[in-house]
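The values are calculated or read from the model by the stated rules, or taken from the named source; none is laboratory data. Quantities reported herein were computed from a predicted structural model and do not represent experimental measurements. Every residue, glycine among them, receives a Cβ derived from its backbone with ideal geometry; neighbour counts consider all protein chains shown.
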Amino acid sequence: MRAIAVISLMCLSLCSHDLFGQLYLSDNAVMDIGQDALLYVKNGDIENEGDLYYAGEIELIGNLDNGDRLESVTGEPSLFSVTGDWNNDGSFQSGVGEVIFNGNSQVLGGSSSSAFYDLNFLGQLSDVKDVQTSTSVGNELGIDGAWIELNTKQLSLFNAQYSIAEKGGVFHTDFGGKLVLDANAASINPYPIRFAYDRSNPLIRYAALDNPISGAHSIGFYEGTPSVHGLDASQSIDSICRIFNDHFWFIASDPGVNVALQSETDPYFERMTKWDGAQWNVLPRNLGQAGVGFNHTMVNLQGGDSSFYTYYSEMPFVEAVPYQEIFHRVQTRLTADYYLPSTGLITWTPDDQLGCSNCPDPLFESLNSQAITIRVENDICYDEVTTEIEVLKRPDVFMQNAFSPNNGDNLNNTFRPVLVDNETLVFMRIFNRWGEKLYEGTGAWDGTYQGNDVMPGVYLYEIKVRRVYSDTHHQFISKSGTLQVLR
């Protein structure tokens, strides 16, 4: 039977034990580092195939390979600082201790997941902390200024207050990787989480929970077009022009939560769309009220909801009558039915008879017949329609030359000029053949004089008509002639 080696580093007061080289604990070996003791391993590794208990402090300038049991055994805070890789293939118990990763480029990996109490990643964006196994933090996570590479793994935070301390650090996730905020109490305080990609020129986007309740809330931030992962950008409802294909989000929540996502800097992409499993659907515009410190759009999740989200630009639409008639020199305001997003543009062409070419309802001068195209565009998408305008040249006022009042057929019973919308009758006078005035007014003559029907025959008329072309331009037209009264 192999003997069990037991090594204890105990101090009545603070003391240290320095080791220059590799510390190796073989199978069945036990090492116990007391509460006030410091184990300092420089330019070497700790390889544990036995049991390593610590209550004090371990400072490792090198790598950790844990193949059996690593445990912080006291209720008092302990500290484990490592500059190299953390490889856990055994059992790790963090107690209430803190583990610090303070190297330039480090891997957190192994075949076993690591559950930390306090975890602190020190460094800058050039210092990658490569998380290669599922990891959890029970109290506080500090990311300082480091680049936290989650890959496709899950980092879970089990804390009612969701405490992340950062000084410019970011999370990067590959498709499937996510940060899980798993709370066990209500009244969780929201805070912004920095996601990013492209380390050479980091693009950073924030996400934050808005008044979340107890439960698990997951957020993933993925670079590139969703189509690569089967979320076809071409499968969308008609009101979507195109989806944002630079990055997209995954969000899930057991109890339901509102999530603030940082707005895109491209003005065309100002609304959110959700993948329903077959296509992208638009979400109601919701700017939210979360005090998270960044411009955002809010995504409202119901309990058990999980899906992918991205921004989209809206499709514009336009309709207009295909043909219309307008009288010559009658200034008319053209209209169309359309929907135009706030970033869109409307254009009327050609514009030689228009008061403006990019306003909603331009004035048309009505000089010549013309086909006018109305185009609405937003981003790379557009819709357009053409309306044919026939300009009717009308030099004269139309007058009938006979009418048959009170003959029993109820047809053609009065006499009056036929006017159009921009014409107004100033006066009309009717005379008999001897020059006696039988009628004067602006209404229709009913073929009577002093209450009696006039005799059939020929009569004379005089009219004056005001024709309006615009607010500042009008014309008076005077005309005379004969009419015949039929009985």
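Would you point out which residue out of GLY293, GLY303 is on the phi > 0 side of the Ramachandran plot, surrounded by fewer than 19 Cβ atoms within 10 Å (Cβ to Cβ) and more than 10 Å from the chain's Cα centre (by Cα)? Lay out the reasoning, then the answer.
On the way: GLY303 fails: on the phi > 0 side of the Ramachandran plot.
Being on the phi > 0 side of the Ramachandran plot, surrounded by fewer than 19 Cβ atoms within 10 Å (Cβ to Cβ) and more than 10 Å from the chain's Cα centre (by Cα) holds for just one of GLY293, GLY303, which is GLY293.
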#### Entry: Total residues in the range 391-428, condition more than 30 Å from VAL321 (Cα to Cα) and acidic (Asp, Glu)
1
### Query
Hey, any hits in the range 327-350 for a residue that's surrounded by fewer than 12 Cβ atoms within 10 Å (Cβ to Cβ), in a loop (DSSP other than H, G, I, E, B) and either without any contact (Cβ under 8 Å) to a residue 60 or more places away in the chain or among the polar types (S, T, N, Q) (or both)?
yes
### Query
Quick check: anything in the range 380-390 aliphatic (A, V, I, L, M) and within 23 Å of ILE326 (Cβ to Cβ)?
yes
### Query
Do we find a residue being in the same structural domain as LEU334 (by TED's automatic domain parsing), loosely packed, with under 13 Cβ neighbours inside 10 Å and touching a residue at least 60 places away in the same chain (Cβ under 8 Å) anywhere in the range 361-382?
yes
### Query
Which residues, counting only those in the range 93-107, are touching a residue at least 24 places away in the same chain (Cβ under 8 Å), assigned to a strand (DSSP E or B) and of a type in the set (Val, Ile, Thr)?
VAL107
### Message
Can you pull out every residue in the range 454-478 that is over 20 Å from GLU436 (Cα atoms) and among the hydrophobic types (A, V, I, L, M, F, W, C)?
### Response
VAL465, VAL468, PHE476, ILE477
#### Entry: Close pairs (8 angstrom Cβ cut-off, 6 or more residues apart or separate chains): in the same structural domain as ASP210 (by TED's automatic domain parsing) and hydrophobic (A, V, I, L, M, F, W, C) in the range 297-310, at pLDDT 95 or above and part of a loop (DSSP other than H, G, I, E, B) anywhere
PHE308/LEU231
### Query
Which condition does GLU388 not pass, out of (1) modelled with pLDDT under 95; (2) farther than 28 Å from GLU314 by Cβ, if it passes all the others?
(1)
### Task
Pull up the range 108-129, narrow it to residues that are of a type in the set (D, E, K, R) and part of a strand (DSSP E or B), then point me to the one that is surrounded by the fewest Cβ atoms within 10 Å (Cβ to Cβ).
ASP118
### Task
Please tell me if ASN406 is surrounded by fewer than 14 Cβ atoms within 10 Å (Cβ to Cβ) and either closer than 30 Å to VAL458 by Cα or not assigned by TED's automatic domain parsing to the domain that holds PHE244 (or both).
yes
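Can you tell me which residue within the range 409-435, out of those that are over 18 Å from GLY481 (Cβ atoms) and surrounded by 11 or more Cβ atoms within 10 Å (Cβ to Cβ), is farthest from the chain's Cα centre (by Cα)? Give the derivation first.
At the first step, the residues of the range 409-435 found to be over 18 Å from GLY481 (Cβ atoms) are 409-411, 413, 420-422, 424.
Narrowing further to those that are surrounded by 11 or more Cβ atoms within 10 Å (Cβ to Cβ): 413, 420, 422, 424.
Details: ASN413: 65, VAL420: 50, ASN422: 48, THR424: 53 Å.
Within the range 409-435, the match that is farthest from the chain's Cα centre (by Cα) is ASN413.
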### Query
Quick check: is even one residue across the range 92-109 more than 24 Å from ALA260 (Cβ to Cβ), among the acidic types (Asp, Glu) and assigned by TED's automatic domain parsing to the domain that holds VAL257?
yes
